[in-house]
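Everything below concerns the one structure shown next.
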Amino acid sequence: MQTQPSAIVISSPMQHSQRSTGRLMLLVIAACIPGVATATWYFGFGVLINIMLAASMAIVLEACALKLRGRDIRLHLSDNSALVTAVLFGIAMPPGASWWLVAMGIFFAIVIAKHIYGGLGQNLFNPAMCGYVLLLLSFPVEMTSWHIPNDVLVDGSSFSAFSLAGLRQSLMVSMPVFGSAQMSSPDSIDGLAMATPLIEFQMAGTSALLAAWDAGVSLFSRDSGAAWELVNMGYLCGGLFLIYKRIISWHIPCAIIATVTMMSTLFYAPDSSAIYGTPYLHLFGSATMIGAFFIATDPVSAATTVRGKIYYGIIIGLAIYGIRVWGSYLDSIAFAVLLGNFCAPALDYLCRPRIYGHGKKSRSVPTTEVEP
Amino acid sequence: MRLVNRLLGRRSDRAPYAIFGGIATDAYKTRSLRSRLMPVPIPEKLVLPLSQNLGVDAIAIVEAGDLVQKFQLLAEAGEPGSVALHAPTSGLVSSISNATVADEFGSQRLCIHLQSDGENRAIETVPEADYRALDHLQLLERIERAGICGLGGAGFPSAQKLSLGMKSGIDLLIINAVECEPFISADEALIRERGASVVVGAEILKSACLASNCIIVLQEDRADAIEALKKALENSSIELMTLAAGYPVGGEKQIIQAVTGMEVPSHAYPASIGVLVFNAGTAYAVYKAMVDGEPCVSRITTLTGAPLQTPKNFETLIGTSVSFLFDLCGIDTTRHTGTIVGGPLMGIQLPTLDVPVMKTSNCLIAMSAAEFPPDEPELACIRCGFCAEACPARLLPQQLYAFSRAHDHEQNLAHGLFDCIECGACAYVCPSHIPLVQYYRSSKAEIRAQQRRQLQSQHWQRQFQQHQYRIKKQQDEAPHQISGDAVGPLKDDEPDKKNRSREDGDKTEAVVFSRERAKREIAEAVARVRARKAGHIASSRTDAKSDG
């Protein structure tokens, strides 16, 4: 008498929450906006160009990889995970990096580090950081050269970094097809290359933000020197937004920040010319915030148990500080996160929570106590 | 006596305790609570599955062609796990044959088909004049005779549960009216309108299990029911506790945790820590059995869902078909996309509407595309850990999922797969829409099959070894005879023959003896296995489903 319900029997539960992976990923990207916008303001279009380049290449590569693996391209592209990888990778790249550098890195990230391991969810290591580290080891000079348009460094230069000319210059630095950068402005390249923003005197000094404040320089003028601190605050805001939205849990970022703070307090040497800088500068003078909130929290490659996440954060925090201070890489986030990724499976195994109804000591492997 | 301390000392300020995990869901309950509890007209035909709950059949004592009266015993409880079955109305037993029942495979079970004669003649019921005068064993016997099983959804025979409790001693009896799953409002409607009876039922249960304390537990957002219950509890020693809304706080293990702060040990019954949990509907059935002398032939069932014009709670006769009930509520067939028996989170989807209401059917949901959109395609697990946050057993669903996909059952066991109560909270929150519970169910089934195979192979191995041993023994004994024979050529055949025949007689005797012993052993083993199976099914179902 009645319409027969569909023959397909669905396992309970029959209702679901409205969250979806694709939306979560988009929110992660949205949370990057304050940081990226600040970075673009201070470092020019190069930042955005990196992200755009990486994103478009990532989508193409992801689609190709899905096709080769015989998966539904539209469905799996809709999880937006490739986009997140690309954004984080693009943020990590120095502005003005050549297109082939970006291409090589994103290829390694998407195809090698992710799809060869079995695609989203199966990769052991953070794809964006894999790509970045490959480039950092293979092209150390290119990866530490920052190309920043004229007026960012020199006020009152011939053109604004945000004018069309500035955009053209940025494009030409990244992609020589648009013309040679030298032709438009002969001294631009030499004059605009920086070794790395995290230079030693910065870490040893006081906050540029406070200095600019004291000196009465507008924080938003690009020569205030407060760029890195403000960029980090942008990522901090984004990260807090993600925690508020319960997209990431607080455990990993808090553990990282607490560890870095503790280490830098412990080893703080005010008069040293080395980089035993203040805790504040270790947190805000480099890429610590984006690392703690956006990169280390990549759920796929991070620890997934609550206690595991805390240990994972501590390991990364120790590595960030250790590599930065006693190692050769000032921007140590990538190495630290990969180190954490190495430890994550063991941490998860060792930090399993006590299951309901199991005694405090029953965390060992039960043999075959299941009923027939 | 930790529990008593807690009850006396710290409960007032600490209880209710927090449960692990849990999720917040939309309730969808008000629509079925708008109208009052209604009795259902007697349908022409009732289909009564001999197994109302755990798949253990009761033993039919009527035959096709018998005329029966309302409340007459149709089938008596047999093996552990089965419950007695009574006629919900008078009429003719038209046949005892297989029919589709309300489980997700649409499997066939042996059912008594009853053709109603419309007269509804009842046998004389014997109300218990004063249930307080009965001792707990008499109460137990009455409850068993009334065919009462857990009406919250699990269907564990109540008398068996009570006797389990008697063995270990019960400190606390919890009457579970939490009903945390969306859509279901049967207990709420019952308490709202018949709260006093539920309280009496709870008192009877309390004296039946000799519990020292009894608490009725509700969710705090059920204002009407709480008010009714407060009135009913004025002169009672039974307490009322309200819990914050959340799912699955009404699960048996979770409600115990919320009320006492204690956890039921893995693979154990709640009785082992001195707690028994009964559903409010069960308490009402006990009241009816004792005060009215009526066996369990009906239950409160919620009929709800957008395609129904008048969703409501019905007092339904066991055996009424789902389609009959939907017609009573006026179903819009164009919007009807499927049917759930139970709640949307733990219920099962019916393959057909032509199935009877059983003692465990607390809710029937007519699904619509708006409320139950078709499942989105499954994406990759990104190990976000939302599931681990939601898991009330504190498992790591994301890890179990990976192990289940890899068929790594050793790891599955190490990560507590069998502590999963299949509440579905993990799959509810999963942003990648992975049907996690389905993975766990199939892993559990695989592990059980594996273990059965293992036991079987062990059995055959033992058989083979015994066989080898016997052959060897025969061979060891044989040379004796040969040597005895070989001592010299026999002059006289007679003694040897005699010997032989005597030996043969011994042997046959031995064989007969061992056969009998084997038979006995097999019978015992079968009984043991059955008992264990029943107990096991009960435990795995009650664990999860004692809520309602």
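The values are calculated or read from the model by the stated rules, or taken from the named source; none is laboratory data. Just so we're clear, the structure is a prediction, and the values are computed from it rather than from any experiment. Here the Cβ positions follow ideal geometry from the backbone for every residue, glycine too, while neighbour counts run over all protein chains shown.
Is at least one residue of the stretch B:183-205 closer than 22 Å to B:THR30 by Cβ, of a type in the set (Phe, Trp, Tyr) and either within 20 Å of the chain's Cα centre (by Cα) or more than 14 Å from chain A (Cβ to nearest Cβ) (or both)? Checking the stretch B:183-205: not a single residue is closer than 22 Å to B:THR30 by Cβ, of a type in the set (Phe, Trp, Tyr) and either within 20 Å of the chain's Cα centre (by Cα) or more than 14 Å from chain A (Cβ to nearest Cβ) (or both).
For B:THR334, indicate whether it is over 28 Å from B:ALA202 (Cα atoms), polar (S, T, N, Q) and buried (at least 24 other Cβ atoms within 10 Å of the Cβ). It is false that B:THR334 is over 28 Å from B:ALA202 (Cα atoms), polar (S, T, N, Q) and buried (at least 24 other Cβ atoms within 10 Å of the Cβ).
From the list B:ALA380, B:ALA393, B:ALA402, pick out the single residue that is free of Cβ contacts under 8 Å to residues at least 60 places away in the same chain, over 26 Å from B:LEU48 (Cβ atoms), at the interface with chain A (Cβ under 9 Å from one of its Cβ atoms) and not in a helix (DSSP H, G or I).
Working: B:ALA393 fails: free of Cβ contacts under 8 Å to residues at least 60 places away in the same chain; B:ALA402 fails: not in a helix (DSSP H, G or I).
Of the residues listed, the single one that is free of Cβ contacts under 8 Å to residues at least 60 places away in the same chain, over 26 Å from B:LEU48 (Cβ atoms), at the interface with chain A (Cβ under 9 Å from one of its Cβ atoms) and not in a helix (DSSP H, G or I) is B:ALA380.
Filtering the stretch A:103-125 to residues that are in contact with a Gly (Cβ under 9 Å, 6 or more places away or on another chain) and not aromatic (Phe, Trp, Tyr) leaves A:MET104, A:GLY105, A:ILE106, A:ALA109, A:ILE110, A:ILE112, A:ALA113. Among the candidates A:ALA86, A:ALA103, the residue that is over 26 Å from A:ARG246 (Cβ atoms), in contact (Cβ under 8 Å) with a residue 24 or more places away in the chain and more than 14 Å from chain B (Cβ to nearest Cβ) is uniquely A:ALA103.
Residue count for the stretch B:333-387, restricted to those that are over 24 Å from the mean Cα position of the chain (by Cα) and outside the structural domain of B:HIS113 (by TED's automatic domain parsing): 21. Residue by residue through the stretch B:366-377, note down the ones that are within 8 Å of chain A (Cβ to nearest Cβ) and outside any loop (DSSP other than H, G, I, E, B). Within the stretch B:366-377, just B:MET367 meets the criteria.
What number of residues within the stretch B:421-479 are among the basic types (Lys, Arg), within 14 Å of chain A (Cβ to nearest Cβ) and without any contact (Cβ under 8 Å) to a residue 24 or more places away in the chain? Total satisfying the criteria: 4. At least 3 residues being surrounded by fewer than 19 Cβ atoms within 10 Å (Cβ to Cβ) and either modelled with pLDDT of 90 or more or in contact with an Asp or Glu (Cβ under 9 Å, 6 or more places away or on another chain) (or both) is the threshold, and among the helices (runs of 4 or more DSSP H) wholly inside the stretch A:1-104 those reaching it are A:21-43, A:46-68, A:73-77. In the stretch B:303-312, of all residues being surrounded by fewer than 23 Cβ atoms within 10 Å (Cβ to Cβ) and in contact (Cβ under 8 Å) with a residue 60 or more places away in the chain, the one that is nearest to the other protein chains (Cβ to nearest Cβ) corresponds to B:ALA306. Only a single criterion out of (1) under 27 Å from the mean Cα position of the chain (by Cα); (2) at pLDDT below 90; (3) part of a loop (DSSP other than H, G, I, E, B); (4) surrounded by 18 or more Cβ atoms within 10 Å (Cβ to Cβ) is not satisfied by A:SER301, namely (2).
What about B:GLU144, is it assigned to a helix (DSSP H, G or I) and either under 29 Å from B:LEU50 (Cβ atoms) or in the same structural domain as B:ALA283 (by TED's automatic domain parsing) (or both)? When the stated conditions are applied, B:GLU144 passes them.
Summed over the stretch B:405-420, the residues that are of a type outside the set (Asp, Glu) and at the interface with chain A (Cβ under 7 Å from one of its Cβ atoms) give a count of 5.
Residue-wise test of (1) within 11 Å of chain A (Cβ to nearest Cβ); (2) more than 24 Å from B:GLU193 (Cβ to Cβ).
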residue: B:PHE324; (1), (2): yes, no
residue: B:GLY330; (1), (2): no, no
residue: B:ARG335; (1), (2): yes, yes
residue: B:GLY338; (1), (2): yes, yes
residue: B:GLY342; (1), (2): yes, no
residue: B:PRO356; (1), (2): no, yes
residue: B:LEU364; (1), (2): no, no
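Would you pick out the residues in the stretch B:30-56 that are assigned to a loop (DSSP other than H, G, I, E, B) and either in contact with a strand residue (DSSP E or B) (Cβ under 6 Å, 6 or more places away or on another chain) or surrounded by 20 or more Cβ atoms within 10 Å (Cβ to Cβ) (or both)? Within the stretch B:30-56, B:SER35, B:LEU37, B:VAL40, B:ILE42, B:PRO43, B:GLU44, B:LEU50, B:SER51, B:GLN52, B:ASN53, B:LEU54, B:VAL56 qualify. Of all residues in the stretch A:303-323, exactly one satisfies the criterion of being in contact (Cβ under 8 Å) with a residue 60 or more places away in the chain and of a type in the set (D, E, K, R), namely A:LYS309. For B:GLY246, only one of the following conditions fails: (1) away from every other protein chain (no Cβ under 13 Å); (2) within 27 Å of B:ARG142 (Cα to Cα). What is its number? Of everything listed in (1) away from every other protein chain (no Cβ under 13 Å); (2) within 27 Å of B:ARG142 (Cα to Cα), B:GLY246 misses just condition (2). Whether a residue is more than 14 Å from chain A (Cβ to nearest Cβ), surrounded by fewer than 24 Cβ atoms within 10 Å (Cβ to Cβ) and over 20 Å from B:SER158 (Cα atoms) was assessed, and B:LYS288 does not pass this test. Among the numbered conditions (1) small (Gly, Ala, Ser); (2) over 19 Å from B:VAL297 (Cα atoms); (3) free of Cβ contacts under 8 Å to residues at least 24 places away in the same chain, the only one that B:GLY22 does not meet is (3). Residues considered: B:GLU378, B:GLU315. Of these, the only one that is surrounded by fewer than 24 Cβ atoms within 10 Å (Cβ to Cβ), closer than 15 Å to A:PRO13 by Cα and touching a Pro at 6+ places or on another chain (Cβ under 9 Å) is B:GLU378.
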